[in-house]
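Enquirer: Before we start, here is the structure in question, set down as structure tokens.
The values are calculated or read from the model by the stated rules, or taken from the named source; none is laboratory data. These numbers come from a predicted model, not from an experiment. Here the Cβ is made from the backbone with ideal geometry for all residues, glycine too, and neighbour counts use every protein chain on show.
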């Protein structure tokens, strides 16, 4: 396993200075945004697509520091009911896939996207319950008329370029848990898998260990991020919380640095489950802890992962 970092947290730094900062905290992989919600602060996508020499210099800057590029990430909503938004995010996705192929990056991370409730909608519509019956009609439209047809084409595009797609199971997206991930994967094929982020599972009442065991070899990439569940607020209002993230004292859950939502034993169990299912790639720290500075949050996350992660191959079972 490798510890990495999603570099969007250093968007105020130049590409080279960001790499130096990353190395200084002791990680060995970078996940870099190419557009969409993460932005493309450290990746001049069009320039890299057009110039082989630019690509060589870009990768040399990464590898010469002992780093690998674990994933390119373009989280957006290519299923958006606003056709211009959908077109733009699809274009970003396709450019990212092409660039991943050229840079020999194995996975592109993104969201499944979320359509509107009908062809006449102008805003995405996230259904959270099956009744009144309108909601089941919405889901049928979203899955069968929008998501599956789109991802069959987009998935084929990725497959043609030798790239896997890591979908982040995220609230407000059509794919938000293990079941919905497999629903789309079963319809499209194994080109789609998970960019596993335990923080989104914790607040939804999911045990990440159980999710990992179910996902198995469908895990293509992983984010290292924790989530604190506020027992008082959850007891009063439940977990489905749409208050702004800065209202921490009132929210049911809050993103935290690793170890500040769940203890080391929980994370050791997560790491062990990853090894059981054969995942031996990168855990990419995504810093979104509003109670810590970037530097402190990243440092504490790295320290916790260094304690719990397994970096060596398993030894021989001499006792068996």
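Enquirer: Please state which one of 190, 244, 231 is modelled with pLDDT of 95 or more, surrounded by fewer than 18 Cβ atoms within 10 Å (Cβ to Cβ), at negative phi and in contact with a strand residue (DSSP E or B) (Cβ under 9 Å, 6 or more places away or on another chain). Steps first, please.
Expert: On the way: 244 fails: in contact with a strand residue (DSSP E or B) (Cβ under 9 Å, 6 or more places away or on another chain); 231 fails: in contact with a strand residue (DSSP E or B) (Cβ under 9 Å, 6 or more places away or on another chain).
The unique qualifying residue is 190.
Enquirer: Could you tell me whether any residue of the stretch 87-110 is in contact (Cβ under 8 Å) with a residue 40 or more places away in the chain, in contact with a strand residue (DSSP E or B) (Cβ under 7 Å, 6 or more places away or on another chain) and closer than 15 Å to residue 173 by Cα? Steps first, please.
Expert: At the first step, the residues of the stretch 87-110 found to be in contact (Cβ under 8 Å) with a residue 40 or more places away in the chain are 89-90, 92-103, 105-110.
From what's left, in contact with a strand residue (DSSP E or B) (Cβ under 7 Å, 6 or more places away or on another chain): 93, 96-97, 99-100, 103, 105-110.
Applying the additional criterion that residues be closer than 15 Å to residue 173 by Cα yields 109-110.
Checked against the condition, which is being in contact (Cβ under 8 Å) with a residue 40 or more places away in the chain, in contact with a strand residue (DSSP E or B) (Cβ under 7 Å, 6 or more places away or on another chain) and closer than 15 Å to residue 173 by Cα, the stretch 87-110 yields at least one hit.
Enquirer: Give the residue that is farthest from the chain's Cα centre (by Cα), with candidates limited to residues of the stretch 210-249 that are touching a residue at least 60 places away in the same chain (Cβ under 8 Å) and farther than 19 Å from residue 171 by Cα.
Expert: 213
Enquirer: Another question about this same structure. Could you please let me know if residue 212 is surrounded by fewer than 20 Cβ atoms within 10 Å (Cβ to Cβ) and over 16 Å from residue 110 (Cα atoms)? It would help to see each step written out before you state the result.
Expert: Working: surrounded by fewer than 20 Cβ atoms within 10 Å (Cβ to Cβ): no; over 16 Å from residue 110 (Cα atoms): yes.
Answer is no for this residue.
Enquirer: Here's something else I'd like to know. With the requirement that a residue be within 18 Å of residue 298 (Cα to Cα), outside any helix (DSSP H, G or I) and in contact (Cβ under 8 Å) with a residue 40 or more places away in the chain, what does the stretch 15-49 give you?
Expert: Passing the criteria: 25, 26, 27, 28, 29, 30, 31, 32, 33.
Enquirer: Restricting attention to the stretch 3-11, does a residue exist that is touching a helix residue (DSSP H, G or I) at 6+ places or on another chain (Cβ under 9 Å), buried (at least 22 other Cβ atoms within 10 Å of the Cβ) and within 17 Å of residue 96 (Cβ to Cβ)?
Expert: Looking through the stretch 3-11, at least one residue is touching a helix residue (DSSP H, G or I) at 6+ places or on another chain (Cβ under 9 Å), buried (at least 22 other Cβ atoms within 10 Å of the Cβ) and within 17 Å of residue 96 (Cβ to Cβ).
Enquirer: Using the structure shown, decide if residue 156 is surrounded by fewer than 18 Cβ atoms within 10 Å (Cβ to Cβ) and over 17 Å from the mean Cα position of the chain (by Cα).
Expert: Details: surrounded by fewer than 18 Cβ atoms within 10 Å (Cβ to Cβ): yes; over 17 Å from the mean Cα position of the chain (by Cα): yes.
Yes, satisfied.
Enquirer: Please verify whether residue 217 is more than 19 Å from residue 198 (Cα to Cα) and out of contact with any strand residue (DSSP E or B) (no Cβ under 6 Å at 6 or more places or on another chain), treating the condition exactly as stated.
Expert: Numbers: more than 19 Å from residue 198 (Cα to Cα): no; out of contact with any strand residue (DSSP E or B) (no Cβ under 6 Å at 6 or more places or on another chain): yes.
No: the conditions fail for residue 217.
Enquirer: Another question, then. Taking the stretch 295-320, which residues are surrounded by 14 or more Cβ atoms within 10 Å (Cβ to Cβ) and part of a loop (DSSP other than H, G, I, E, B)?
Expert: 309
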